[in-house]
Amino acid sequence: MIIDKAEVIVTSPGRNFVTLRLTTDDGHVGIGDATLNGRELAVVSYLKDHVVPLLLGRDAHRIEDTWQFLYRSAYWRRGPVTMAANAAVDMALWDIKGKAAGMPVYQLLGGASRDGLLAYGHASGKELPELFDSVRSHLEQGYQAIRIQTGVPGLKAIYGIASQSSDAGGGESRYDHEPARRGALPVQEDWDTRAYLRHLPGVFEAVRNEFGPEIPLLHDGHHRMTPIQAAKLGKSLEPYDLFWLEDCTPAENQEALRLVRQHTTTPLAIGEIFNTVWDFQGLIREQLIDYVRGAVTHMGGISPLKKTLDYAAQYQIKSGMHGPTDISPVGMAAAMHLGLSIHNFGIQEYMQHSEETNQVFEQSFTWSGGMLHPGDKPGLGVELNVDEAGKYPYEQAYLPFNRLADGTVHDW
């Protein structure tokens, strides 16, 4: 099966997505997700100008060889742009191979290791009544595990609080589906770590008192704490039995996780901004984390993330793959196939895409009883409706950024 056509398609049904579409000489079509939130056009250029010319004439069956060729021949390895582009190629080739074999991708990866994938949703609120309403809404939608994000007294707008979108100058709509706001410049939000650390334990106490001890609760620190602040938070949250504390300190400083680990037994998850196994290597080997948060779209595809998770399995570390709406339905499907097949699956992040997105990307996955399943259509089980995609041209959008009260730029 020779690749004789490669297209890069950008569509924006509520937010921007980048999709690579490969066609073989015998008519098989595969698609892959190359979305890099807020920097989409950099990946578009990398694909169109540098990768597509290298794909034409290659054997679509040679997934591993193609991945190694694209990774090693570039010389300048790693990085979010390169790895998102490589991920799209890898996904599209797995999609083609599955269609050629007449099998869903998870069967090619070794078959199912479970019946479905436990998923968690995002509940948020400025204050407790709004947060409780959001938790109840997620329970009604069938979620069995819920991430808790809350407003902080004195802060106008912070990460993860959907109803604060208009407060931050981002328009009237909630940003359940996309925190990147459209416009020429990123929206500024505010931050105060000490206020956050004082407030958060009481929020989790209230949530546990309201909803009981059984629901797995998660929280995302979004890289905003120093190591000792993260350690303090992890320790203060121990009474509330979190499923995990995510991205408690900037991921670039990996030795910081040693300090956090010394002070708390709260499980730790990290890695949504990582690009390769090398970013995880020390954290896994030293058992400084409990969950690998890598995304198929950001880690170079199914092939390298599977290798990373196989390595993590040696240390009883599980998957917790990134899955908000900046991962397209193609990337989500790839994560589901991988999660279904590996032994050390932990949980899958799942934010539901907009109806417009679901019309552009026609999907076969199921969501029932708090569990995801990629379905049994050959390949990834997602098809791109090119006509629908054409209705939504690219619109410039940026993720927000933070400033402290004194004006210092801080991690968002």
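The values are calculated or read from the model by the stated rules, or taken from the named source; none is laboratory data. Remember, it's a predicted structure, so these values are computed and weren't measured experimentally. No Cβ is skipped: glycine too gets one built from the backbone with ideal geometry, and neighbour counts run over all protein chains shown. Side chains included, ligands, DNA and RNA excluded: accessible areas come from the protein's heavy atoms. Shrake-Rupley method; radii C 1.70, N 1.55, O 1.52, S 1.80 Å.
I'd like to know which of ILE327, GLY370, PRO393 lies farthest towards the positive end of the charge dipole of the stretch 326-411, counting +1 on Cβ of Lys and Arg and -1 on Cβ of Asp and Glu.
Looking along the dipole axis, the top candidate is GLY370.
Compute the relative contact order of the chain as a whole-number percentage, counting only Cα pairs closer than 8 Å that sit 6 or more residues apart in sequence.
Worked out over the chain, it gives 22 percent.
Kirkwood Rh over Cα pairs of the stretch 210-354 into Stokes-Einstein at 10 °C, 1.306 mPa s: D in µm²/s?
Translational D for this selection: 104 µm²/s.
Under a point-charge model restricted to the Cβ atoms of Lys and Arg (+1) and Asp and Glu (-1), what is the dipole moment magnitude of the chain relative to its Cα centre, in debye to the nearest 20?
900
Which whole-number percent is the relative contact order of the stretch 211-343 (Cα, under 8 Å, 6+ apart)?
The value is 19 percent.
Which lysines, if any, have their Cα less than 22 Å from the Cα of LYS97, not counting same-chain residues under 8 positions apart?
Result set, ordered by chain and number: LYS5, LYS306, LYS307, LYS377.
How tilted is helix 227-236 with respect to the longest principal axis of the chain? Cα atoms for both, answer in degrees (0 to 90, nearest 10).
That helix lies at roughly 70 degrees to the long axis.
Give me the percent of accessible area attributable to carbon and sulfur for the chain, probe 1.4 angstrom.
Of the solvent-accessible surface of the chain, carbon and sulfur hold 50 percent.
Can you list which of the trypsin sites (Lys or Arg not before Pro) found in the stretch 314-412 are DSSP loop residues with at most 15 other C-beta atoms within 10 Å?
LYS391
Taking the Cα centroid of the stretch 278-337 and of the stretch 19-58, what is the distance between the two, rounded to the nearest whole Å?
22
I'd like the orientation of helix 63-73 relative to the chain: the angle between its Cα long axis and the longest Cα principal axis, in ° from 0 to 90, rounded to 10.
The angle comes out at about 70 degrees.
Let me know the shape class of the stretch 285-412, please: from the alpha-carbon gyration tensor, a ≥ b ≥ c as square roots of the eigenvalues, rounded when a/c is under 1.5, otherwise prolate if a/b is greater than b/c, or oblate.
Oblate, since a/c reaches 1.5 and b/c is not below a/b.
Can you run phi through the Karplus equation (6.51, -1.76, 1.60; θ = phi - 60°) for the stretch 75-80 and list ³J(HN,Hα) in whole Hz, with x for Gly and Pro?
With the stated coefficients, the stretch 75-80 comes to 6, 7, 8, 6, x, x Hz.
In sequence order, what are the phi-derived ³J(HN,Hα) couplings for the stretch 329-346 according to the Karplus relation 6.51 cos²θ - 1.76 cosθ + 1.60 with θ = phi - 60°, rounded to whole Hz, with x for glycine and proline?
After applying 6.51 cos²θ - 1.76 cosθ + 1.60, I find x, 5, x, 5, 4, 4, 5, 5, 4, 5, x, 5, 8, 6, 7, 9, 5, x Hz.
Quick one: work out the % antiparallel among DSSP beta bridges in the chain, nearest 5.
50
What whole-number volume per residue, in cubic angstrom, does the convex hull of the C-alpha atoms of the chain give?
So the per-residue Cα hull volume is 131 Å³.
Ignoring the sites themselves, what is the longest stretch of the chain with no GluC sites (Glu not before Pro) in a DSSP loop and at most 15 other beta-carbon atoms within 10 Å?
It works out to 1-126.
What number comes out for the charge environment of MET103, summing +1 per Lys or Arg and -1 per Asp or Glu over other residues with Cβ under 12 Å away?
My count for the surroundings of MET103 gives +1.
For a Förster distance of 41 Å, can you work out the FRET efficiency between the beta-carbons of SER73 and ILE228, rounded to the nearest 0.05?
With a Förster radius of 41 Å, E is 0.40.
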